[in-house]
Amino acid sequence: MEEWDEVEVPKNVKDIFIEMKNTAELMVDLAYSAVLFKEKEMAEEVLELEEYLDILNYNLTVRAVLAARNMKEAEQITSILQMARSIDDISNAAGDLAKMVLEEKLHPLITEVILESEETIGKIVVSPESILVGKTLEELDLATNTGVRIIAIRRGKRWIFDPDEDTKIFPNDILIGRGTRTALDYLKEIARGNIKVMPNE
């Protein structure tokens with residue numbers, strides 16, 4: 001895809017590997033969200049990230065081969081490439097889920113399995129009265145205080161994928177979070193304005 005042609009890829013094997021891992025994790029979360037909420041825009045984002053991960057995987061392979069100076073280093077690099085292949089397999093599976101959403105060919109069992117898992121995906125609507133409003137994700141530290149990690153935010157018709165710690169919460173934002181059912185229910189109460197104090201306050 002043209003938009004990835006000029007993307008800046010990390011310079012060393014370690015950083016590329018970390019970027020691959022983080023990208024695959026985001027792809028899985030977004031794919032789950034796309035399945036649960038029938039969100040085609042999220043599904044499209046997953047497929048774009050799959051192309052980015054392919055670029056990362058190519059660069060990892062090239063740099064890893066060039067880095068090997070002897071048999072011992074070649075053996076170590078082979079292990080890294082095997083792990084990278086596993087990450088690529090995970091990203092491909094997420095991409096397959098995304099394609100099913102876009103083609104509207106989802107089997108009901110897939111949604112059922114996701115909902116029955118220990119951790120799941122939830123949609124949280126932020127009321128104007130919520131204590132979340134006006135604060136950044138860093139200030140809220142929701143992962144620590146509620147057990148929910150925010151993977152995307154819908155603001156009107158715009159999506160913010162993988163929001164960073166400086167992202168501020170606005171009234172009527174729709175948060176897509178990953179966590180246990182209990183954690184998600186707790187955050188929903190905060191978002192509705194029914195709980196006025198965060199655990200760390």
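Below, the figures for the structure above:
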read-out: Tabulated pairs, region 63-85, first farther than 22 Å from Y52 by Cα, second of a type in the set (V, I, T) and surrounded by 12 or more Cβ atoms within 10 Å (Cβ to Cβ), C-beta under 8 angstrom, 6+ apart or interchain; value: A67/V13; A67/I77; A68/I77
read-out: Failed condition for N12, given (1) over 18 Å from the mean Cα position of the chain (by Cα); (2) open to solvent by 80 Å² or more (accessible area, probe 1.4 Å); (3) not acidic (D, E); value: (2)
read-out: Qualifying residues in region 1-25 (those that are among the aliphatic types (A, V, I, L, M) and not in a loop (DSSP other than H, G, I, E, B)) - the one modelled with the lowest pLDDT; value: V13
read-out: Test: residue in region 156-173 that is closer than 18 Å to V35 by Cβ, open to solvent by less than 60 Å² (accessible area, probe 1.4 Å) and not small (G, A, S); value: yes
read-out: The lone exception for P128 - which of (1) surrounded by 20 or more Cβ atoms within 10 Å (Cβ to Cβ); (2) touching a Pro at 6+ places or on another chain (Cβ under 8 Å); (3) not acidic (D, E) it fails; value: (1)
read-out: I160 within 30 Å of E19 (Cβ to Cβ), free of Cβ contacts under 8 Å to residues at least 40 places away in the same chain and assigned to a strand (DSSP E or B); value: yes
read-out: Condition check for V113: open to solvent by 60 Å² or more (accessible area, probe 1.4 Å), at pLDDT below 85, under 29 Å from R181 (Cβ atoms) and assigned to a helix (DSSP H, G or I); value: yes
read-out: Restricting region 35-46 to residues that are in a helix (DSSP H, G or I), in contact with a Leu (Cβ under 9 Å, 6 or more places away or on another chain) and open to solvent by 40 Å² or more (accessible area, probe 1.4 Å), the residue that is farthest from I90 (Cα to Cα); value: K40
read-out: Residue within region 24-31 that is in contact with a Lys or Arg (Cβ under 9 Å, 6 or more places away or on another chain) and open to solvent by less than 30 Å² (accessible area, probe 1.4 Å) present; value: yes
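To keep it simple, each residue is scored yes or no on (1) in contact (Cβ under 8 Å) with a residue 24 or more places away in the chain; (2) out of contact with any Leu (no Cβ under 6 Å at 6 or more places or on another chain); (3) within 29 Å of T23 (Cα to Cα); (4) assigned to a helix (DSSP H, G or I).
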{"site": "E165", "(1), (2), (3), (4)": "yes, no, yes, no"}
{"site": "P171", "(1), (2), (3), (4)": "yes, yes, yes, no"}
{"site": "L175", "(1), (2), (3), (4)": "yes, yes, yes, no"}
{"site": "L187", "(1), (2), (3), (4)": "yes, yes, yes, yes"}
{"site": "N194", "(1), (2), (3), (4)": "no, yes, no, no"}
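The values are calculated or read from the model by the stated rules, or taken from the named source; none is laboratory data. Not measured: the values here are computed from a predicted model. Ideal geometry is used to build each Cβ from the backbone, glycine not excepted, and the neighbour counts take in all protein chains shown. Quick note on the areas: whole protein, heavy atoms, side chains included, nothing else; ligands and nucleic acids left out. Shrake-Rupley method; radii C 1.70, N 1.55, O 1.52, S 1.80 Å.
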